[in-house]
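Engineer: Supplied in structure tokens, the structure appears directly below.
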Amino acid sequence: MLWRCRSVWFGLLLLSGCASTPPTAPTADAGWLSQAPTDGLPAVLRLPNWPATTEQLRTTSESIYLGNLDARITQLEGADHHNAAVAQALASSLLHRYRIIGRWPDAERAGALLQSALTSAPDSAPLQLDWASWLTLVHRFAEAEEAIARVDALHSRGAVVDAAQLSSLRSELALATGCYDCLGDAFHDPAVAAPAEFYELANRAHAALLHGDLDLSSRLYFEAQRHYRDVGPYPLAWLHVQQGIALLRYGHCEAAEPFFRAAHERLPAYALATEHLAECVLERLRGDEARALYEAVIVQTGNPEFIGALARLELVDERPERAELLRLQADELWADWLQSAPQAHAQHAAQYYLDSGRLEWARALAEQNL
């Protein structure tokens, strides 16, 4: 979910080697936030540094960033996983890599590590909190709420809890379960006293989008970029993808493409950026480029959603035999994924079956996801 301030995995930005904490800054310029959209699109999209290129806003190279992450994972893999702190650190690193690379086995292994660690350290509040976060990631929301209740109980008995992480996770769960009354003023009125801080501004931008205000959302996303004070490439690539997704929700594919492309250029291994860039490129009838992007992200992730998208491309491109082979491959993978983690994959699988005309399957999965 997007409504997050600073979850544990953002701490992995330290892998870049010279991360820094954003300094205290004044409230974001209210005058800029009051400007009206023009030509049907937010005026902020006209700015030459939105999205910022790698030359305009430099970050650590992908090879160094991911190389450090992989090295950390390798080091932790060789340590004692029965040690709860080791298991927790390895799980956090695997989840961070999953969010970038998009390989589902990383997320599965992270969950298994956390669950195993809890058997030996059930009274560890940080471990319970990370477990609740993982359960939220895989859409096991009722179990996540139970884990948070255990965190609260441990905290009441004197356990130290990361208050910011807990608050962020509560908000994430509230959004996921539709409990909007549980959210604070920053969600309900995101433009008021917007703080000049990257994560807070990104959260408010998403809130504005949920309220149907694309213009305010876009301006807040831009403000978040202006207040990025780190060197890790992932948060910035993530921010640009969120702006692109916001534009796609309103049918602005042409305006969205530069944001997905900027994220892809900054962090080529970022699967979410690659897949959305392929979607926009295909929408604009550049089939060969879309095919190359889909093929690359499929090799990287093995994600059946992307295989299904490539199958539809091949069908439109009058390659029915290849389309059918891809569809069968996607069917097989979806069956495996739904068996291993049904809640995590039901929503995307439902869309896949809907797109391929299997309405009953889509409906059953959609109802399961309610």
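The values are calculated or read from the model by the stated rules, or taken from the named source; none is laboratory data. If you're wondering where the values come from, they're calculated on a predicted model, not measured in any experiment. Backbone-built Cβ (ideal geometry, glycine too); neighbour counts: all protein chains shown.
Engineer: Of all residues in region 193-202, count the ones that are among the hydrophobic types (A, V, I, L, M, F, W, C) and in a loop (DSSP other than H, G, I, E, B).
Structural biologist: The total comes to 3.
Engineer: Ok, one more. Here are some residues: Y228, Y234, Y221. Which one is aromatic (F, W, Y), surrounded by fewer than 23 Cβ atoms within 10 Å (Cβ to Cβ) and under 19 Å from A262 (Cβ atoms)?
Structural biologist: Of Y228, Y234, Y221, the one residue that is aromatic (F, W, Y), surrounded by fewer than 23 Cβ atoms within 10 Å (Cβ to Cβ) and under 19 Å from A262 (Cβ atoms) is Y228.
Engineer: Kindly establish whether G251 is closer than 23 Å to N49 by Cα and among the small types (G, A, S).
Structural biologist: The answer is yes for G251.
Engineer: Please state which one of E332, E367, E360, E321 is surrounded by fewer than 13 Cβ atoms within 10 Å (Cβ to Cβ) and under 26 Å from D106 (Cβ atoms).
Structural biologist: That would be E332, the only listed residue that is surrounded by fewer than 13 Cβ atoms within 10 Å (Cβ to Cβ) and under 26 Å from D106 (Cβ atoms).
Engineer: Something else about it: Considering each residue of region 154-180, count those that are part of a helix (DSSP H, G or I) and over 12 Å from D123 (Cβ atoms), and give that number.
Structural biologist: Count: 17.
Engineer: Now a separate question. Where the second residue is modelled with pLDDT under 95 and not in a loop (DSSP other than H, G, I, E, B) and the first is among the small types (G, A, S) and lies in region 266-280, which pairs have Cβ atoms under 7 Å and are six or more apart or on separate chains?
Structural biologist: From region 266-280, no pairs qualify.
Engineer: Let me ask another. Return a yes/no flag: does region 201-211 have any residue that is out of contact with any helix residue (DSSP H, G or I) (no Cβ under 6 Å at 6 or more places or on another chain), of a type outside the set (V, I, T) and surrounded by 21 or more Cβ atoms within 10 Å (Cβ to Cβ).
Structural biologist: Among the residues of region 201-211, at least one is out of contact with any helix residue (DSSP H, G or I) (no Cβ under 6 Å at 6 or more places or on another chain), of a type outside the set (V, I, T) and surrounded by 21 or more Cβ atoms within 10 Å (Cβ to Cβ), which makes the answer yes.
Engineer: Within 17 Å of A271 (Cβ to Cβ) and either surrounded by fewer than 17 Cβ atoms within 10 Å (Cβ to Cβ) or touching a Cys at 6+ places or on another chain (Cβ under 9 Å) (or both): which single residue out of V316, V299 fits that description?
Structural biologist: V299
Engineer: Go through the residues of region 181-192 one by one and say whether even a single one is part of a helix (DSSP H, G or I), farther than 29 Å from Q347 by Cβ and touching a helix residue (DSSP H, G or I) at 6+ places or on another chain (Cβ under 7 Å).
Structural biologist: No: zero hits.
Engineer: If you don't mind, there's one more thing I want to ask. Being assigned to a loop (DSSP other than H, G, I, E, B) and among the charged types (D, E, K, R) is the filter here; which residues of region 267-286 pass it?
Structural biologist: Within region 267-286, R284, R286 qualify.
Engineer: Can you work out which of the residues in region 40-83 that are assigned to a helix (DSSP H, G or I), in contact with a Ser or Thr (Cβ under 6 Å, 6 or more places away or on another chain) and in contact (Cβ under 8 Å) with a residue 40 or more places away in the chain is farthest from S124 (Cα to Cα)?
Structural biologist: V44
Engineer: Out of contact with any Gly (no Cβ under 9 Å at 6 or more places or on another chain), closer than 30 Å to T301 by Cβ, crowded, with 24+ Cβ neighbours inside 10 Å and hydroxyl-bearing (S, T, Y): does that describe S133?
Structural biologist: Yes: the conditions hold for S133.
Engineer: For region 107-122, what are the residues that are surrounded by 20 or more Cβ atoms within 10 Å (Cβ to Cβ) and either closer than 19 Å to A341 by Cα or in contact with a His (Cβ under 6 Å, 6 or more places away or on another chain) (or both)?
Structural biologist: Hits for region 107-122 are A107, A110, G111, L113, L114.
Engineer: Does at least one position in region 287-302 carry a residue that is closer than 24 Å to L135 by Cα and assigned to a helix (DSSP H, G or I)?
Structural biologist: There is at least one residue in region 287-302 that is closer than 24 Å to L135 by Cα and assigned to a helix (DSSP H, G or I).
Engineer: Let me ask something else. Say we look at region 90-106 and pick out the residues that are in contact with a Lys or Arg (Cβ under 8 Å, 6 or more places away or on another chain) and without any contact (Cβ under 8 Å) to a residue 24 or more places away in the chain; which of these is surrounded by the fewest Cβ atoms within 10 Å (Cβ to Cβ)?
Structural biologist: Residue satisfying both the conditions and the ranking: D106.
Engineer: Ok, one more. Looking at A91, is it among the hydrophobic types (A, V, I, L, M, F, W, C), over 27 Å from P235 (Cα atoms) and either assigned to a loop (DSSP other than H, G, I, E, B) or out of contact with any Cys (no Cβ under 9 Å at 6 or more places or on another chain) (or both)?
Structural biologist: So A91 does not fit the description; no.
Engineer: Still on this structure, I have one more. Taking into account only those residues within region 21-39 that are of a type in the set (V, I, T) and either under 17 Å from A262 (Cβ atoms) or part of a loop (DSSP other than H, G, I, E, B) (or both), which is modelled with the highest pLDDT?
Structural biologist: The extreme case among them is T27.
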